[in-house]
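Below is one structure; the comments refer to it alone.
The values are calculated or read from the model by the stated rules, or taken from the named source; none is laboratory data. Just so it is clear, the structure is predicted and the values come from calculations on it, not from any experiment. Here the Cβ positions follow ideal geometry from the backbone for every residue, glycine too, while neighbour counts run over all protein chains shown. SASA here: full protein model, heavy atoms, side chains in, ligands and nucleic acids out. Shrake-Rupley method; radii C 1.70, N 1.55, O 1.52, S 1.80 Å.
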Amino acid sequence: MKKFKEICKKISDFLSVIFGYGIAAVLFAGGLTFFGYLAAIIIGGPTATAICLFIKDSILPVIIYVSTILVLMGLLIMYLRGETALTPDKKKNSKHEGEM
């Protein structure tokens with residue numbers, strides 16, 4: 001059992017590095033699309049339409065697909081580490097001020 005936990009920790013550490021770089025790249029690419037749209041607003045006309053369609057049809061689907069995979073990878077990392085951030089905490093039984 002101890003060997004299994006060590007393997008899970010090594011895998012989660014490796015995936016965590018990939019997750020970090022991947023999220024950084026996706027956020028950077030999303031930021032670059034802003035500058036593409038800004039350039040399209042400044043240029044105007046049919047060229048702006050072509051720029052916006054290029055961003056919408058070829059760049060944004062890739063960003064959405066990769067970010068979805070990275071979110072799933074983040075959940076896998078949490079599972080491998082044994083984190084329970086997405087489960088309700090049953091230890092908290094504090095009552096609200098209005099409750100009896």
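Of all the residues that make up segment 1-30, how many are assigned to a helix (DSSP H, G or I) and open to solvent by 100 Å² or more (accessible area, probe 1.4 Å)?
Total meeting the criteria: 10.
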message: Among the residues that make up segment 64-84, is at least one of them modelled with pLDDT under 90, under 19 Å from the mean Cα position of the chain (by Cα), part of a loop (DSSP other than H, G, I, E, B) and under 24 Å from residue 8 (Cβ atoms)?
response: yes
- line: Going through segment 31-56 in order, the residues found to be in contact with a helix residue (DSSP H, G or I) (Cβ under 6 Å, 6 or more places away or on another chain) and open to solvent by less than 40 Å² (accessible area, probe 1.4 Å) are 33, 36, 40, 48, 55
message: Need pairs with beta-carbon distance below 8 Å; first residue closer than 20 Å to residue 64 by Cα and within segment 33-50, second among the β-branched types (Val, Ile, Thr) and open to solvent by less than 80 Å² (accessible area, probe 1.4 Å); sequence gap 6+ or separate chains.
response: 33/55; 33/59; 33/63; 36/51; 36/55; 36/59; 37/51; 37/55
